[in-house]
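A.B. asks: The structure that follows is given in the form of C-alpha cells.
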Amino acid sequence: MSTNVVLIPGDGIGPEVAVATQRVLDAAGADLKWTIRHAGEAALLAGEKSLLPQSTIDLISEYGVALKGPCTTPIGTGFRSVNVSLRKCLDLFAAIRPIRSMAGVKSRYSEVDLVIVRENTEGLYGGIESEIAKGVCTSTKVATEAASRRIADYAFRYCRERSRRKLSVFHKANILKLTDGLFIRCAREIHDAHYPDIEYEEVIIDAGCMKMVQDPKRFDVILAENLYGDIMSDLCAGLVGGLGVTPGSNIGEKGAVFEAVHGSAPDIAGKGIANPLALIMSGVMMLNWLSTQRGEPKFGACATRIRRAYDRALTDGATTRDLGGSLNTLEFADAIIARL
Ligand code: NAI
C-alpha cells in the first residue's frame with residue numbers, strides 16, 4: 001500500500017525543485033501517495049484565505065509527514081514567517097541539517113561531515129518584537145528549561161544512535177547569561193547525567209565561527225539555539241558547495257517536515273535552473289525517517305539507491321549551474337533517474 005505524504009511546493013524555486021524531487025523519488029520506486037497542500041504566498045495564489053491554511057496543518061498532522069519547498073518571508077515589513085509558524089504549530093522542535101562534502105562538488109574543504117541540531121521553537125526566532133518608544137525597538141529572546149532540555153536530549157540521543165563522537169554546543173552565554181546560560185546548563189546536565197560517553201564541549205559562537213572556517217573537521221555534531229542554528233546552517237553550507245547541496249528536516253514527536261536549508265531564491269525563480277539536490281537529499285532523509293518510524297526497510301533501500309545515483313551523477317560531472325555545470329533543474333533530476 002502506498003504511503004501518504006503531504007507535498008508543499010512553496011514559493012519561488014519551490015515548485016521547480018519539488019517537481020524534480022517528486023520525479024526522482026517516484027522513479028526510485030518509493031511508492032508514495034503525494035497530496036499537494038499549499039503554504040506561503042502560493043496558498044494565497046491558490047485561493048486560500050491564509051498563508052498557512054488550517055487544511056495544510058491538519059493533513060500534515062494526519063499523515064505525520066511532509067516534504068516542503070521554501071516559503072518567502074518579506075524583509076522588514078509584512079507577514080510573519082510561515083516556516084516559523086508551521087514549526088511552532090506542529091511542535092517540530094528539532095531541525096537536523098547534515099553538512100557533508102560530496103565527491104564531484106568543488107568546495108573549499110573536503111571530508112567535512114557535520115550535523116547541525118537546531119532548537120526550532122524558541123530564541124529570538126519567535127519574532128516577539130515591539131516599538132517601546134519612537135525610535136526604540138526591542139526583541140524578546142525566549143529560552144525555557146523544558147525546550148532546552150528536550151533539544152539537548154534529542155541531540156545526544158542522535159549522537160549515540162549514529163555513533164557520533166562529539167557534541168559542541170554553540171552559545172553566547174558570556175553576554176546572554178540567562179537565556180544562553182540556561183541553554184548550555186541544560187545541555188551540560190543532560191550530558192553529565194545520561195551521555196557521559198559522548199565528548200562534550202561549549203563553544204562561544206563568535207570564536208566557534210572562526211574555528212569552523214579554519215578547520216571544520218574538528219567539529220562533529222553542533223547543538224545551537226534557533227537563530228544561531230539558522231546562521232550556522234548557511235555558513236556551513238558554504239563550506240561544502242552551498243545551499244544547493246544542504247538538506248534538512250524538522251522533527252517533532254508526532255511527525256516531521258523535510259525541507260532544504262535554502263530559501264525561495266527569488267533571483268533565479270521561474271528560470272528552471274535551481275539545483276533540486278538539496279530537496280532531493282531532504283527526500284532521502286524523509287525515506288530514511290519513514291524506514292525507521294514505520295519499520296519499513298523498503299524506504300531505506302530506496303534512499304540508498306537515490307543517494308548512490310546522485311553521487312554517481314555528481315562524479316560524472318552532471319551538475320547544475322550553482323555547482324559549475326550546465327544542467328537545468330529537470331535535466332539534473334533526469335541525470336539522477338538515469339543512474340538509479
Ligand atoms: P535563499 O536561500 O533563497 O538564496 C540565497 C542564494 O542562494 C541566492 O543567490 C540563491 O539563488 C541561491 N540558492 C538558494 N537555493 C538554491 C538552489 N537550490 N539552487 C541554486 N541556487 C540556490 O536565501 P534568501 O535570498 O536570503 O531568501 C529568499 C527568501 O526565502 C526569503 O523570503 C526568505 O525568508 C526565504 N527563506 C525561506 C526558507 C524556508 O522556507 N525554509 C529558508 C530560508 C529563506
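The values are calculated or read from the model by the stated rules, or taken from the named source; none is laboratory data. Not measured: the values here are computed from a predicted model. Glycine also receives a Cβ, built like all others from the backbone with ideal geometry; neighbour counts cover every protein chain displayed. Just so you know, the surface numbers come from the protein's heavy atoms only, side chains and all, with ligands and any DNA or RNA stripped out. Shrake-Rupley method; radii C 1.70, N 1.55, O 1.52, S 1.80 Å.
A.B. asks: Amide H neighbours of Val65 under 5 Å, at least 5 residues apart or on other chains, H built in the peptide plane: list them.
C.D. replies: Val6, Ala256
A.B. asks: Now for a separate question. Report the charge-dipole magnitude of segment 125-223 in Debye, nearest 20, computed about the Cα centre from +1 at each Lys and Arg Cβ and -1 at each Asp and Glu Cβ. Write down the numbers at each step before the final one.
C.D. replies: Values: 17 positive and 15 negative charges, 34 e Å.
With only Lys, Arg, Asp and Glu charged at Cβ, the dipole is about 160 debye.
A.B. asks: Which whole-Hz couplings ³J(HN,Hα) result when phi for each residue of segment 148-164 is put into the Karplus expression 6.51 cos²θ - 1.76 cosθ + 1.60, θ = phi - 60°, listed in order with x for Gly and Pro?
C.D. replies: 5, 5, 4, 6, 5, 4, 4, 5, 5, 4, 4, 4, 5, 5, 9, 6, 8
A.B. asks: Hey, what did the chain get for relative contact order, percent, Cα under 8 Å, at least 6 apart? Show your work: numbers first, answer last.
C.D. replies: Values: 704 pairs, mean separation 77.6, N = 340.
This gives 23 percent for the chain.
A.B. asks: Be a star and scan segment 298-340 for residues whose amide nitrogen sits under 11 Å from the point 7 Å along the Cα-to-Cβ vector of Asp31.
C.D. replies: Counting only backbone N, you get 298-299.
A.B. asks: Separate question: Rounded, prolate or oblate, given the Cα gyration tensor of segment 1-128, with a/c below 1.5 counting as rounded? Write out the running numbers ahead of the final one.
C.D. replies: Details: a/c = 1.63, a/b = 1.14, b/c = 1.43.
Because a/c hits 1.5 or more and a/b fails to exceed b/c, segment 1-128 counts as oblate.
A.B. asks: Using the structure shown, select from Lys177/Lys217; Lys88/Lys298; Lys166/Lys211; Lys166/Lys254 the pairs with a Cα to Cα distance greater than 25 angstrom.
C.D. replies: Values: Lys177/Lys217 29 Å; Lys88/Lys298 31 Å; Lys166/Lys211 15 Å; Lys166/Lys254 28 Å.
The pairs that break the limit, which is 25 Å between Cα atoms, are Lys177/Lys217; Lys88/Lys298; Lys166/Lys254.
A.B. asks: In whole Hz and in residue order, list the ³J(HN,Hα) couplings for segment 173-184 that follow from phi through the Karplus curve 6.51 cos²θ - 1.76 cosθ + 1.60, θ = phi - 60°; x for Gly and Pro.
C.D. replies: After applying 6.51 cos²θ - 1.76 cosθ + 1.60, I find 6, 5, 9, 8, 5, 7, 5, 5, x, 5, 4, 6 Hz.
A.B. asks: Compute the Cα gyration tensor for segment 190-340, then decide on rounded, prolate or oblate, letting a ≥ b ≥ c be the square roots of its eigenvalues: rounded whenever a/c is under 1.5, prolate when a/b is larger than b/c in the other cases, and oblate in all that remain. Display every interim value, and only then the final one.
C.D. replies: Details: a/c = 1.98, a/b = 1.33, b/c = 1.49.
Oblate, since a/c reaches 1.5 and b/c is not below a/b.
A.B. asks: Might you work out the accessible area of Asp316 for me, using a 1.4 Å probe with all protein chains in place, and round it to the nearest 10 Å²?
C.D. replies: So the heavy atoms of Asp316 present about 100 Å² to solvent.
A.B. asks: Which value, in Å², gives the accessible area per residue of the chain when a 1.4 Å probe is used on the protein heavy atoms?
C.D. replies: Numbers: 14850 Å² over 340 residues.
In whole numbers, the chain has 44 Å² accessible per residue.
A.B. asks: Which sequence of Val245, Val136 reflects their accessible areas, 1.4 Å probe, from the largest down? Could you put the intermediate results ahead of the total?
C.D. replies: Details: Val245 5, Val136 65 Å².
Sorted descending by solvent-accessible area, the residues read Val136, Val245.
A.B. asks: Follow-up. Largest first and in whole Å, what are the equivalent-ellipsoid semi-axes of the chain based on the Cα gyration tensor, each being the root of 5 times an eigenvalue? Could you put the intermediate results ahead of the total?
C.D. replies: Working: eigenvalues 180, 120, 83 Å².
They are 30, 25, 20 Å, listed largest first.
A.B. asks: Now for a separate question. If the cut-off is a Cα-Cα distance under 17 Å, which aspartates and glutamates reach Lys49, setting aside same-chain residues fewer than 8 apart in sequence?
C.D. replies: Cα-Cα hits under 17 Å: Asp11, Glu41, Asp58.
A.B. asks: Please list Glu201, Glu253, Glu331 from largest to smallest accessible area, probe radius 1.4 Å, with all protein chains kept in place. List each step's numbers first, then the result.
C.D. replies: Working: Glu201 40, Glu253 145, Glu331 90 Å².
Reading off the accessible areas and sorting them downward yields Glu253, Glu331, Glu201.
A.B. asks: Arrange the residues Val261, Val142, Val115 by how much accessible surface each exposes, largest first, with a 1.4 angstrom probe. Display every interim value, and only then the final one.
C.D. replies: Working: Val261 20, Val142 50, Val115 0 Å².
Ranked from most to least accessible, the order is Val142, Val261, Val115.
A.B. asks: While we're looking at this one, here's another question. Summarise the accessible area of segment 125-223 (1.4 Å probe, protein heavy atoms) by the percent that is carbon and sulfur. Don't jump to the answer; show the numbers that get you there.
C.D. replies: On the way: 2850 of 5270 Å².
Reported share for carbon and sulfur atoms: 54 percent.
A.B. asks: Which residues' amide hydrogens lie under 5 Å from the amide hydrogen of Tyr200, considering only partners 5 or more residues apart or on another chain, with H built in the peptide plane?
C.D. replies: Here Leu167 satisfy the definition.
A.B. asks: Under a crude label model (7 Å from the Cα following the beta-carbon direction), how far is Lys298 from Ala338 in nanometres?
C.D. replies: My value for the distance between the label points is 2.9 nm.
A.B. asks: Express the relative contact order of segment 125-223 as a whole percentage, based on alpha carbon pairs under 8 Å and six or more residues apart in sequence.
C.D. replies: Values: 126 pairs, mean separation 31.3, N = 99.
Relative contact order of segment 125-223: 32 percent.
A.B. asks: Work from the charge dipole of segment 125-223 (Cβ charges, +1 for Lys and Arg, -1 for Asp and Glu, about the Cα centre) and give the residue of Ser130, Ile198, Thr140 farthest towards its positive end.
C.D. replies: Result: Ile198, furthest along the dipole toward the positive end.
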